[in-house]
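Below: one structure, written as structure tokens.
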Amino acid sequence: MVKKVLLIEDDEFIRDLYKRQLDICDMFTYAFSNGADGLKSAQENQYDLILLDIMLPGMNGLDVLRSLKQNEKTKNIPVIMVSNLGQESVVKEGFALGAIGYLIKATFTPDQIVQEITKIFDQHSQSAQPPQAKG
């Protein structure tokens, strides 16, 4: 079954790179450059996973995550935070808000990000236990 991934990333180069890698791995990837548009898409469509940057223009990733988890339609979509921010407080807040993973962009190649997403899909199909932070 083909998975639908919502990618919310403001850096055009990284967004295109991640989207290309996810598409190569037979995932339908819908990409947005800001939190408000990504959140709107999440509320209007059905996604299997959201890959969410923290530093976004306007509505930041933590605000998007908070809104996703407060909405009945989107609260159960697994969210992986991606950022170059590695501060413990930001990581903790992401998990407290409901993220199932946290990847530091600088330490993961696009291929490795796809591998992590694939692992999460595999884990979610086998178990209800969320994966731990990586990076």
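All of the numbers you see were taken from the coordinates with simple rules; none came from a lab. Quick caveat: nothing in here was measured; it's all calculated off a predicted structure. Neighbour counts run over all protein chains shown; Cβ positions are idealised from the backbone, glycine included.
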Residue-normalised 222 nm signal for the chain, counting each DSSP H run of n ≥ 4 as -39,500 (n - 2.57), nearest 500 deg cm²/dmol, is -14000 deg cm²/dmol
Restricting to Cα pairs under 8 Å and 6 or more apart, the percent relative contact order of the chain works out to 21
Cross-link reach from Lys75 to lysines, straight Cα distance under 19 Å and at least 8 residues apart if same chain, gives Lys3, Lys4, Lys40, Lys92
Taking a ≥ b ≥ c as the square roots of the eigenvalues of the Cα gyration tensor, with a/c under 1.5 meaning rounded and otherwise prolate when a/b exceeds b/c and oblate if not, the chain is rounded
Cβ-Cβ cut-off under 14 Å around Ile14, Lys and Arg +1, Asp and Glu -1: the net charge is -3
For the pair Asp23 and Lys73, the simple spin-label estimate (label points 7 Å beyond Cα toward Cβ) gives in nm 2.6
With the charge dipole of the chain built from beta-carbon charges (+1 for Lys and Arg, -1 for Asp and Glu) about the Cα centre, the Cα from Pro110, Asn34, Leu6 projecting farthest to the positive end belongs to Leu6
At the level of C-alpha centres, the distance separating the range 76-91 and the range 10-49, in angstrom, is 16
